[in-house]
1. What number of residues within region 30-58 satisfy the criterion of being assigned to a helix (DSSP H, G or I), free of Cβ contacts under 8 Å to residues at least 12 places away in the same chain and not small (G, A, S)?
2. Just to verify a result, which residue in region 77-134, among those that are among the hydrophobic types (A, V, I, L, M, F, W, C) and in contact with an Asp or Glu (Cβ under 7 Å, 6 or more places away or on another chain), is nearest to R37 (Cα to Cα)?
3. Which one of E77, E72, E61 is part of a helix (DSSP H, G or I), at negative phi, surrounded by fewer than 17 Cβ atoms within 10 Å (Cβ to Cβ) and charged (D, E, K, R)?
4. Looking at S132 and the list (1) part of a helix (DSSP H, G or I); (2) buried (at least 16 other Cβ atoms within 10 Å of the Cβ); (3) at pLDDT 95 or above, which single condition is not satisfied?
5. Going residue by residue through region 89-112, is there one that turns out to be part of a loop (DSSP other than H, G, I, E, B), within 14 Å of R52 (Cα to Cα) and touching a helix residue (DSSP H, G or I) at 6+ places or on another chain (Cβ under 9 Å)?
6. Run down E77, E122 and say which single residue is under 20 Å from the mean Cα position of the chain (by Cα) and farther than 16 Å from L6 by Cβ.
Amino acid sequence: MSTSSLLQSQFKYKAWANKELFTELEKVDAVAHQSDRHKAIRLLNHIYVVERIFAAHLSGEAHTYTATNTLETPSFEELRSAVAKSDNWYVEYVSKLAPELLPELIQFSFTDGERGCMSREEMLVHIIIHGSYHRGAVGQIMTQMSVAPPRDTFTVFLHKSEPRRRE
């Protein structure tokens, strides 16, 4: 498997995992679990903001974020829609990215003003790992609210998206 095809499968997995997580989080009683649900949404918003910042870096465009989260918390539905759109952007981006561009170094500034430099490949891997880490934290919050987090592992994704792997 090439790096390009692995990245493509990872970003498809990420989009699926996010969709699964939002579906299960929607089942949480927003009144009974207001504080914990808010924490989960804040974490998901942080993931989203970081992904948009890195999308701007990858595209060579400016972004307007001054921190890795927003002051205002979006509604659950606004965030779900924005995350799905961002996931689609990454799936499309990696599917069209020429493999020879993966090692290209990109200079950028972090939201704290410090300079950074990463390859496209490193940025993309960061997005995958960063999102997985925080989705796990959201899963822990869900468990504390007695709501089972989704079984969103890569193996489950592969077997659901390619059932022949179970034969």
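The values are calculated or read from the model by the stated rules, or taken from the named source; none is laboratory data. Computed from a predicted structure; not experimentally measured. Virtual Cβ from ideal backbone geometry, glycine too; neighbours counted across all protein chains shown.
1. 1
2. As a first pass, look at region 77-134 and keep what is among the hydrophobic types (A, V, I, L, M, F, W, C): 79, 82-84, 89, 91, 94, 97-98, 101-102, 105-106, 108, 110, 117-118, 123-125, 127-129.
Filter once more, so that each one left must be in contact with an Asp or Glu (Cβ under 7 Å, 6 or more places away or on another chain): 102, 127.
Numbers: L102: 37, I127: 23 Å.
So, considering only residues that are among the hydrophobic types (A, V, I, L, M, F, W, C) and in contact with an Asp or Glu (Cβ under 7 Å, 6 or more places away or on another chain), the one nearest to R37 (Cα to Cα) is I127.
3. Only one candidate qualifies: E77.
4. With (1) part of a helix (DSSP H, G or I); (2) buried (at least 16 other Cβ atoms within 10 Å of the Cβ); (3) at pLDDT 95 or above applied to S132, the lone miss is (3).
5. Checking region 89-112: at least one residue is part of a loop (DSSP other than H, G, I, E, B), within 14 Å of R52 (Cα to Cα) and touching a helix residue (DSSP H, G or I) at 6+ places or on another chain (Cβ under 9 Å).
6. Numbers: E122 fails: farther than 16 Å from L6 by Cβ.
Exactly one of E77, E122 is under 20 Å from the mean Cα position of the chain (by Cα) and farther than 16 Å from L6 by Cβ, namely E77.
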